[in-house]
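The structure under discussion appears below in the form of structure tokens.
The values are calculated or read from the model by the stated rules, or taken from the named source; none is laboratory data. In this text the structure is predicted, and so the values were computed from the model without any measurement. Glycine gets a Cβ as well: all are built from the backbone with ideal geometry, and neighbour counts include every protein chain shown.
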Amino acid sequence: MDDRLAIKGIEFKSRLWVGTGKYKDFEETAKALEASGSDVVTVAVRRVNIIDRKSENLLDYIDPKKYKILPNTAGCYTVEDALRYARLAREAGVSDLIKLEVIGDEKTLFPDVIGLLKATEILAREGFIVLPYTNDDPIIARRLVDAGAAAVMPLGAPIGSGLGIRNPYNIKIILETIKGVPIIVDAGVGTASDAAIAMELGCDAVLINTGIAGAKDPIAMAEAMKYAVIAGRLAYRAGRIPKKLYATASSPLEGMLL
Amino acid sequence: METSKATVAGLLDELGITAGRVAVEVNERVVKRADYPAFGLKEGDHVEVVNFVGGG
């Protein structure tokens, strides 16, 4: 049974997407990525340090032929900055994919959805495959899709907070009302069950960085997340039982010794 | 910085940077990779060279 995830003709083998930040070193990054089974990684776009030139580069450890590179516009607080970084990312990379972030606040790193909408519209017009990091507001999700977003990436909780899916009800509403583009939870996943919950709701994928990189054993956690996403997706497709207040016996009454 | 190189390609070469791994801006405009050998630099130009690093 084919259950592939696809965005604008790009097929993704895994529904677990992995960030490459916050690891101890490139080797750990590569090992965690391998353990996760993911075929999509996010990267940031930053100045090459021409004074202190490390001999190694992230792409020495992550083969762009094996993994789809999803550059982000992390650290951008304005539309202008986000556009600038997106355009640079496209030139540095191999695809039109961009994880668009327009951040509204330093403490929460919540998206500035007004700026996000503007940037989405402009970049979509320029042919980017825009995957916007947004909040769990179904109205904004709708507007992003109308503006040309190729997916919607609602946060589960603040980036790196590990609080899991804070508002599953809103995420469920987004899933019910937005048809035609994938809904990918991005941010806040803290442990395996959070990822499974996101997938059980019906999300198409989950993007995790800190939840893996910040774990005591990132490689083990990457593996845990792999199974969690698979389990959650299978459970969703299997169709869970309804929740009931009272019991319904699993064993028959017939044949009881009375 | 000062450079004796007149083009973007020359500058990257002087800095020991692999062109295929970076993106370049000159005066806030992205330069297409195919244009690196021909894109001329003059005094006062603001050049930015970026690459992909770990991020979420």
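Quick check on my filter: what residues within region A:2-29 are within 11 Å of another protein chain (Cβ to nearest Cβ) and over 13 Å from the mean Cα position of the chain (by Cα)? Residues satisfying the conditions are A:Gly21, A:Lys22, A:Tyr23, A:Lys24, A:Asp25, A:Phe26, A:Glu28, A:Thr29. Any residue at all in region A:42-58 that is assigned to a loop (DSSP other than H, G, I, E, B) and in contact with a Ser or Thr (Cβ under 9 Å, 6 or more places away or on another chain)? Scanning region A:42-58 turns up at least one residue that is assigned to a loop (DSSP other than H, G, I, E, B) and in contact with a Ser or Thr (Cβ under 9 Å, 6 or more places away or on another chain). Restricted to region A:1-38, and to residues there that are part of a loop (DSSP other than H, G, I, E, B) and touching a strand residue (DSSP E or B) at 6+ places or on another chain (Cβ under 6 Å), the residue that is modelled with the lowest pLDDT is A:Arg4. Would you say A:Leu83 is within 8 Å of chain B (Cβ to nearest Cβ) and more than 14 Å from the chain's Cα centre (by Cα)? It is false that A:Leu83 is within 8 Å of chain B (Cβ to nearest Cβ) and more than 14 Å from the chain's Cα centre (by Cα). Residues in region A:34-61 that are closer than 28 Å to A:Ala231 by Cβ and within 11 Å of chain B (Cβ to nearest Cβ): A:Val41, A:Thr42, A:Val43. Quick one: is A:Asp105 crowded, with 17+ Cβ neighbours inside 10 Å and assigned to a loop (DSSP other than H, G, I, E, B)? For A:Asp105, the condition - crowded, with 17+ Cβ neighbours inside 10 Å and assigned to a loop (DSSP other than H, G, I, E, B) - is not met. When region A:96-125 is filtered for residues that are under 23 Å from A:Val43 (Cβ atoms) and without any contact (Cβ under 8 Å) to a residue 12 or more places away in the chain, only A:Glu106 remains. When region A:212-233 is filtered for residues that are over 16 Å from A:Val18 (Cβ atoms) and more than 18 Å from the chain's Cα centre (by Cα), only A:Lys216 remains. Going through (1) more than 9 Å from chain B (Cβ to nearest Cβ); (2) under 30 Å from B:Glu2 (Cβ atoms); (3) β-branched (Val, Ile, Thr) one by one, A:Thr78 falls short only on (2).
Let's see how each residue does on (1) within 14 Å of chain B (Cβ to nearest Cβ); (2) farther than 25 Å from A:Val43 by Cα:
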{"residue": "A:Ala205", "(1), (2)": "no, no"}
{"residue": "A:Thr210", "(1), (2)": "yes, no"}
{"residue": "A:Ala213", "(1), (2)": "yes, no"}
{"residue": "A:Leu245", "(1), (2)": "no, yes"}
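Just one of (1) away from chain B (no Cβ under 14 Å); (2) buried (at least 20 other Cβ atoms within 10 Å of the Cβ) fails for A:Val189. It is (1).
All conditions but one from (1) closer than 20 Å to A:Ser38 by Cβ; (2) within 14 Å of chain B (Cβ to nearest Cβ); (3) touching a helix residue (DSSP H, G or I) at 6+ places or on another chain (Cβ under 8 Å); (4) surrounded by fewer than 24 Cβ atoms within 10 Å (Cβ to Cβ) apply to A:Gly164; the one that does not is (2).
Here the condition is being facing another protein chain (nearest Cβ under 7 Å), without any contact (Cβ under 8 Å) to a residue 40 or more places away in the chain, within 15 Å of A:Arg90 (Cβ to Cβ) and surrounded by fewer than 18 Cβ atoms within 10 Å (Cβ to Cβ); of B:Arg29, B:Arg33, it holds for B:Arg33 alone. For region A:119-141, check the following and say yes or no: at least one residue is under 13 Å from the mean Cα position of the chain (by Cα) and over 23 Å from A:Thr78 (Cβ atoms). No, every residue in region A:119-141 fails to be under 13 Å from the mean Cα position of the chain (by Cα) and over 23 Å from A:Thr78 (Cβ atoms).
Tell me, which residue of region B:36-56 that is of a type in the set (D, E, K, R) and exposed (fewer than 15 other Cβ atoms within 10 Å of the Cβ) is nearest to the other protein chains (Cβ to nearest Cβ)? Looking at residues that are of a type in the set (D, E, K, R) and exposed (fewer than 15 other Cβ atoms within 10 Å of the Cβ), I get B:Asp45.
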